[in-house]
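First comes the structure, then the notes that go with it.
Nothing in this text is a laboratory measurement; each read-out follows from the coordinates by a stated rule. Here the structure is a predicted model, which means the values were calculated and not measured. Positions of Cβ are backbone-derived with ideal geometry, glycine not excepted, and every protein chain shown enters the neighbour counts.
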Amino acid sequence: MAINLDIRVKKANKVYHEGPIQLVSCVLEVAAPGKIPAGKTEIPFEFPLIPRANKTLYETYHGVFVNIQYLLRCEMKRSFLAKDLIKVAEFIVEYKASSCEKAVPHPVNFSITPESLQNIKDKGRIPRFLVTGHLDSTLCCVTKPFTGELVVERCELPIKSVELQLVRVETCGCAEGYARDATEIQNIQIGEGNVPCGMAIPIYMIFPRLFTCPTLSTSNFKVEFEVNIVIIFQDDHLITENFPVVLTRY
């Protein structure tokens with residue numbers, strides 16, 4: 001007979017906060033859908049959300065090399081003729097307002113030219129152009145949009161695309177050495193085709209939940225974020241301007 005095992009977190013949004021002890025309330029549901037009427041057993045349980053000694057509850061974050069997850073795991077042992085049942089459910093941990101820095105606007109004006117580009121060996125091959133604009137802030141609240149404005153002042157080669165790229169930079173290691181890796185979270189096209197010169201292009205991006213978190217630095221790992229403005233010309237030549245950003249919860 002088929003048996004279904006499920007874990008339901010009673011809190012609808014499954015979000016809990018570090019700080020004062022909280023109870024995570026759940027229901028373990030064991031159902032045999034093949035029976036008429038269907039047999040179902042619900043077992044309520046709860047446990048305190050308490051960090052281990054000298055440990056910190058960091059925010060939930062799904063990364064590539066760094067993952068911070070909080071999971072409920074239930075295993076039902078059965079006879080040797082039946083496979084054991086395992087069910088895993090995730091709940092979310094976030095910082096509280098009193099425990100984190102608030103985002104104070106830190107606007108940045110920028111001007112991108114061939115001369116301003118970094119790590120370019122042969123700048124003579126790059127078409128002449130001027131792109132200006134501003135970012136409303138590089139100190140950002142993770143629950144609010146990243147905003148600004150971009151203007152292509154002049155460009156001697158037609159443009160194919162203007163894009164906004166969000167990147168996570170994860171650093172892992174110990175005293176013997178550290179590994180630093182940057183991976184793309186999302187890429188948003190904010191201008192398609194040869195955009196008119198002098199026209200203001202709005203910059204607007206939502207930080208994706210779970211794949212971002214407040215900027216984090218510990219003795220063993222760091223999670224940081226960057227935003228790239230990417231301009232692709234019609235000959236597929238690509239230029240990138242990088243802006244480190246600091247994320248906070250509030």
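Worth pointing out:
- Sequence-distant lysines (8 or more away, or on other chains) whose Cα lies within less than 24 Å of residue 40: 10, 11, 14, 77, 83, 87
- Label separation (residue 87 vs residue 189): 4.3 nm, computed from points 7 Å beyond Cα along the C-beta direction.
- Cα gyration tensor category, rounded, prolate or oblate, for region 210-250 with a/c compared to 1.5: prolate
- Taking a straight Cα-Cα cut-off under 15 Å and skipping sequence neighbours fewer than 8 places away in the same chain, the aspartates and glutamates within cross-link reach of residue 96 are 18, 59.
- For the chain: rounded, prolate or oblate by the Cα gyration tensor [a/c cutoff 1.5]: prolate
- Whole-number percent relative contact order across the chain, with pairs defined as alpha carbons under 8 Å at least 6 apart: 17 percent
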